[in-house]
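The values are calculated or read from the model by the stated rules, or taken from the named source; none is laboratory data. The structure presented is a predicted model; accordingly, all values stated were derived computationally and were not measured. Every residue, glycine among them, receives a Cβ derived from its backbone with ideal geometry; neighbour counts consider all protein chains shown. Areas reflect the complete protein model, heavy atoms only, side chains present, ligands, DNA and RNA absent. Shrake-Rupley method; radii C 1.70, N 1.55, O 1.52, S 1.80 Å.
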Amino acid sequence: MDEYGRYREYAEAIWEIEELKIPVIQARIADWLGVSRASVNEMVHRMKDDGLVTIEDEIQLTEEGRHLAAVIVRRHRLAERFLTDILKLPWDKVHAEAEIWETTISDQVEEAMWNALEDPKTCPHGNPIPGAGYRPPKMKPISSMEPGETRPLERISEELELDDEMLGFLYSNGFHPKADIELVSKDPSGAFTVSIAGNRVGVGEFAADRLFVAA
């Protein structure tokens, strides 16, 4: 991957971490991308030198960096929507493919995709498409629900999309946006049991913190 490609990857990661309202620090970016902290330190300082981020207590995108991130995130999520809605791929299979598409979609193709999809608002996993004018509802993670509470699933965090096995698990067990999720029980150890369409499914704390239902 060339230098500009790495910039896109980091800008996209910073955008997605910000979406979760988590402080963007180097350690978090390293965990998100699966790279060393030394690599992150080097890259974010290059991005700072090129006017894409500022580095203080947190790492923040500049106006130029935010534009770069918005374009790549928008094209990624449009590609996911196109692959599922038009090409009929299951949504647990489209994230990796969209990572390829996001770097090759031109302005003209992007506009055509918007038209073909009839102005989509979110990707198939419920994450908002930048520029779509979508205002997400108030949300909270499954981990904040109380036993007996039922809420519709709104969003599957991009962080969970990074794990193909996790996406396959969610897809096969019915964790589809707008599906009703009932919290059956939660264990002090961090294990959660939910009911989806009458089926009970166990969910770990990591996933329960990153699966968002309507608040």
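Tabulated data
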read-out: Flag if residue 181 is of a type in the set (A, V, I, L, M), within 24 Å of residue 80 (Cβ to Cβ), within 18 Å of the chain's Cα centre (by Cα) and at pLDDT 95 or above; value: no
read-out: Pair list, Cβ < 6 Å and 6+ apart or interchain, from the stretch 99-114 residues that are closer than 21 Å to residue 33 by Cα to residues that are outside any loop (DSSP other than H, G, I, E, B) and basic (Lys, Arg); value: 102/75
read-out: In the stretch 156-169, the residues that are within 16 Å of residue 84 (Cα to Cα) and in contact with a strand residue (DSSP E or B) (Cβ under 9 Å, 6 or more places away or on another chain); value: 156, 167
read-out: Cβ pairs under 8 Å, 6+ apart, first in the stretch 185-204 and within 16 Å of residue 152 (Cα to Cα) and in a loop (DSSP other than H, G, I, E, B), second open to solvent by 50 Å² or more (accessible area, probe 1.4 Å) and modelled with pLDDT of 90 or more; value: 197/180
read-out: Meets criteria (surrounded by 17 or more Cβ atoms within 10 Å (Cβ to Cβ) and either in contact with a His (Cβ under 9 Å, 6 or more places away or on another chain) or outside any loop (DSSP other than H, G, I, E, B) (or both)) for residue 12; value: yes
read-out: The stretch 64-109, residues that are outside any helix (DSSP H, G or I) and under 16 Å from the mean Cα position of the chain (by Cα); value: 102
read-out: Residue among 153, 160, 183, 170 that alone is farther than 25 Å from residue 31 by Cβ and open to solvent by less than 20 Å² (accessible area, probe 1.4 Å); value: 183
read-out: Output for the stretch 110-127, where each listed residue is surrounded by 11 or more Cβ atoms within 10 Å (Cβ to Cβ), over 11 Å from the mean Cα position of the chain (by Cα) and part of a loop (DSSP other than H, G, I, E, B); value: 117, 120, 121
read-out: Residue 130 in contact (Cβ under 8 Å) with a residue 12 or more places away in the chain and either in contact with a strand residue (DSSP E or B) (Cβ under 7 Å, 6 or more places away or on another chain) or part of a helix (DSSP H, G or I) (or both); value: no
read-out: Cross-chain or 6+ apart pairs with Cβ under 8 Å, the stretch 159-177 first and within 24 Å of residue 137 (Cα to Cα), then buried (at least 16 other Cβ atoms within 10 Å of the Cβ) and small (Gly, Ala, Ser); value: 160/207; 170/207; 177/126
read-out: Matching residues, the stretch 133-150, being outside any loop (DSSP other than H, G, I, E, B) and open to solvent by 20 Å² or more (accessible area, probe 1.4 Å); value: 139, 140, 141, 143, 144, 150
